[in-house]
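The values are calculated or read from the model by the stated rules, or taken from the named source; none is laboratory data. Since the structure is predicted, the reported quantities are computational estimates derived from the model, not experimental observations. Don't worry about glycine lacking a Cβ; one is built from the backbone with ideal geometry, like all the others, and counts go over all protein chains shown.
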Amino acid sequence: MRILIVEDEPRLLANLARALREEDYAVDTADNGEDGVFKAETYDYDAIVLDVMLPKLDGWEVLARVRKKKQTPVLMLTARDASSDRVRGLDGGADDYLIKPFDLPELLARLRALIRRSAGQSQSTIDLGKCRSTRAPRR
């Protein structure tokens, strides 16, 4: 599984990347919004962990740009804890929203759930194969 973390606080970014790697995730990182958008649009990820308050482009803009091209599950991880911020994130296309400070086991469980739901997404087309009519022929 491949995860992108977009976080500008160096210590948190390093610790989170290390923790995810210890859980056997392949991890890419970006410390600003522009790099986050570039990586999210260029590579395929199983999930993105996205901060809101980022340099160059904030997390709201990163989310909006990514959603125009990809449906990668996004977990917003931010200190912005107002209800209006959570609603904005979820309505803007985030799949989950976790407030800092956070509990690492909870973050890991939320990522697993996002990836599980994403992997099980249904197709918009259902193939029924050849159908036979059950109506009696007209006479």
Can you name every residue in the range 48-91 that is more than 14 Å from GLU7 (Cα to Cα) and either under 12 Å from the mean Cα position of the chain (by Cα) or hydrophobic (A, V, I, L, M, F, W, C) (or both)? ALA64, VAL66, ARG67, LYS70, GLN71, THR72, PRO73, ALA82, VAL87, GLY89, LEU90
Just wondering, is there one or more residues in the range 47-66 that are assigned to a helix (DSSP H, G or I), of a type outside the set (A, V, I, L, M) and loosely packed, with under 15 Cβ neighbours inside 10 Å? no
Filter result for ALA94 (in a helix (DSSP H, G or I) and not acidic (Asp, Glu)): no
Subset of the range 6-35 (residues that are farther than 16 Å from ALA47 by Cβ and either among the small types (Gly, Ala, Ser) or in a loop (DSSP other than H, G, I, E, B) (or both)): ASP8, GLU9, ALA14, ASP31, ASN32, GLY33
For ASP35, are the conditions met, namely being in contact (Cβ under 8 Å) with a residue 60 or more places away in the chain, in contact with a Lys or Arg (Cβ under 9 Å, 6 or more places away or on another chain) and surrounded by fewer than 23 Cβ atoms within 10 Å (Cβ to Cβ)? no
What about ALA109, is it part of a helix (DSSP H, G or I), modelled with pLDDT of 95 or more and at negative phi? yes
Does the range 75-91 hold any residues that are without any contact (Cβ under 8 Å) to a residue 40 or more places away in the chain and surrounded by 17 or more Cβ atoms within 10 Å (Cβ to Cβ), and which are they? LEU75, MET76, THR78, ARG80, ASP85, ARG86, ARG88, GLY89
